[in-house]
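Taken together, the values in this text are just the output of simple stated rules run on the coordinates, not laboratory data. All figures in this text were calculated on a predicted structure; none of them were measured in a lab. Cβ atoms come from the backbone with ideal geometry, glycine included; neighbour counts cover every protein chain shown.
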Ligand SMILES: CC(C)(COP(=O)(O)OP(=O)(O)OC[C@H]1O[C@@H](n2cnc3c(N)ncnc32)[C@H](O)[C@@H]1OP(=O)(O)O)[C@@H](O)C(=O)NCCC(=O)NCCS
C-alpha cells in the first residue's frame, strides 16, 4: 500500500479520456517522457479507435493528473501508456489506473494483458510486478532516440484475484 493514499478522496476521479484532454495530457507526457513522448497525433489516433481502445484520465478538481490507455483485442490486451503527473506520484493513482485497465481487459479479452516498459524504469517495473506481471522478453533498443531496451511483460489473469491488486492491498 502506498504511504499516502488519497485515491479514494472525493475530489479525485477517473473518467474516459476525451479529445479536449489531449492538451493537458501532452503537458504531462512531455514532462515525463521528453524526447520519447507520444505526439498529439498519436493520442488522436488512439482515441479514434473506439472499438479497441480504452483511455482514462484521473482528475482532481478539473485538473488532469494522470492518464492511461489500453488496446484490447479478443485474444489479448495491451497497456499502451500509463502516467501520473510528477508531483502526484506515489499516491496510489498509477495503481488505480492500472486496476481500471486490467478490469476492462478482463471484460473485453481473453485473460492476457501485455505491455512494454523501459528497462531503466524500476518504479514502473515494480508496479507491474506488484500486479503479477511477469517478464517474458527484451526488445533491444526499442525506445528511440535513447536506444533503451524494452522489457516485455505479461499478466495472465486466470486465477488472479482483483482484491490482491495494488490499491486494494
Ligand atoms: C509508473 C507510475 C505510473 C506509477 O504511478 P504512481 O501513482 O506513482 O504509483 P502508485 O503510487 O500507485 O504506486 C503503485 C506501485 O508502483 C510502485 N512504486 C511507486 N512508487 C515507487 C517508488 N518510489 N519506488 C519503488 N516502487 C514504486 C510500487 O510497486 C507501488 O505499489 P505499492 O505502493 O503497493 O508499493 C508513475 O511513477 C509515472 O507516471 N512514472 C513516469 C511515467 C512512466 O514511467 N510510466 C510507465 C511507462 S511503462
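Annotations
- Residue in the stretch 113-123 that is touching a residue at least 12 places away in the same chain (Cβ under 8 Å), more than 9 Å from the ligand (Cβ to nearest atom) and part of a strand (DSSP E or B) present: yes
- Every residue from the stretch 58-112 that is touching a strand residue (DSSP E or B) at 6+ places or on another chain (Cβ under 8 Å), in a helix (DSSP H, G or I) and closer than 22 Å to residue 126 by Cα: 88, 93, 94, 96, 97, 98, 100, 101, 102, 104, 105
- Residue under evaluation residue 34, criteria (1) more than 20 Å from residue 125 (Cβ to Cβ); (2) within 16 Å of the ligand (Cβ to nearest atom); (3) more than 17 Å from the chain's Cα centre (by Cα); (4) loosely packed, with under 13 Cβ neighbours inside 10 Å, criterion not met: (1)
- A count restricted to the stretch 58-88 and to residues that are within 18 Å of residue 39 (Cβ to Cβ), within 13 Å of the ligand (Cβ to nearest atom) and more than 9 Å from the chain's Cα centre (by Cα) stands at 1.
- Checklist (1) under 18 Å from residue 46 (Cα atoms); (2) buried (at least 21 other Cβ atoms within 10 Å of the Cβ); (3) more than 11 Å from the chain's Cα centre (by Cα) applied to residue 98, failing item: (3)
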